[in-house]
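Just so it is clear, none of the values below were taken in a lab; they were calculated from the coordinates. Just so we're clear, the structure is a prediction, and the values are computed from it rather than from any experiment. Note: ideal-geometry Cβ built from the backbone for every residue, glycine included; neighbour counts use all protein chains shown.
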Amino acid sequence: MIGVVRARYDDPAHAAALINLLDAYARDPAGGGEPLSDFARDNLIAELAARPFVFSVLAFDGDAPVGLVNAIEGFSTFACRPLINVHDVVVAPSHRGRGIAAKLFAGVEAIARERGACKLTLEVLDGNAPARALYRRLGFAAYQLDPAMGHAQFLQKWLA
């Protein structure tokens, strides 16, 4: 039986689940193929807990952590309402294809609605076909305002 809960950063079991699942994702090619740094492992939970606009949702199979979503509240100026960016989506390889990601997203959407959010956003790599298919099934679509202007692109610039 899969259970989905909002993570409590002050719960040692939740904290360990979050770090271990995120590290597994970071080591995966879809997460960059590198483990979390010692700095991230040592400081992430406290940094997440210090930010009231961040929340995490965990999935457990019994006592075993098998899924994670980290989400960050932003703000839509056009809608003048919060939005929720789904930042990390992790399902343990042993549990993929069992609907866990959809359950995690249902938990995220419930929290987003509680916060009055107007939408969920996320980024996904072109080559991650299973994730792209899931997101389409869940109602996500490429972002555009005017079709003549094309779709939005996600860009980054590292500062350090």
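Miscellaneous remarks
- Remark: spin-label model distance L138-D11 equals 2.0 nm, labels positioned 7 Å along the Cα→Cβ axis.
- In a simple Cβ point-charge model (Lys, Arg +1; Asp, Glu -1; nothing else charged), the chain has a dipole of about 580 debye relative to its Cα centre.
- A value for log10 I(q)/I(0) by the Debye sum over Cα atoms at q = 0.09, 0.18 Å⁻¹ was derived from the coordinates, and within the list (i) -0.27, -1.20; (ii) -0.47, -1.02; (iii) -0.30, -1.27 it appears as (iii).
- Here nothing in the chain passes the span test, since no DSSP H helix has an alpha carbon length of 30 Å or more along the helix axis and a Kyte-Doolittle mean of 1.6 or above.
- Helix-only [θ]222 nm of the chain, DSSP H runs n ≥ 4, -39500 (n - 2.57) each, per residue, nearest 500: -10500 deg cm²/dmol
- Stretchable slack from F75 to A148, in nm (0.36 nm times residue separation minus alpha-carbon distance): 23.8 nm
- Within the chain, percent of DSSP bridges classed antiparallel, to nearest 5: 90 percent
- Shape call, the stretch 61-109: gyration tensor on alpha carbons, a/c limit 1.5: prolate
- With a cut-off of 11 Å between beta carbons, the residues surrounding G31 carry a summed charge of -3, where Lys and Arg count +1 and Asp and Glu -1.
- For E114 and A50, a Förster radius of 22 Å and the Cβ-Cβ distance give a FRET efficiency of 0.60, rounded to the nearest 0.05.
- Surrounding net charge for G99, when Lys and Arg each add one and Asp and Glu each subtract one, Cβ distance under 14 Å: +3
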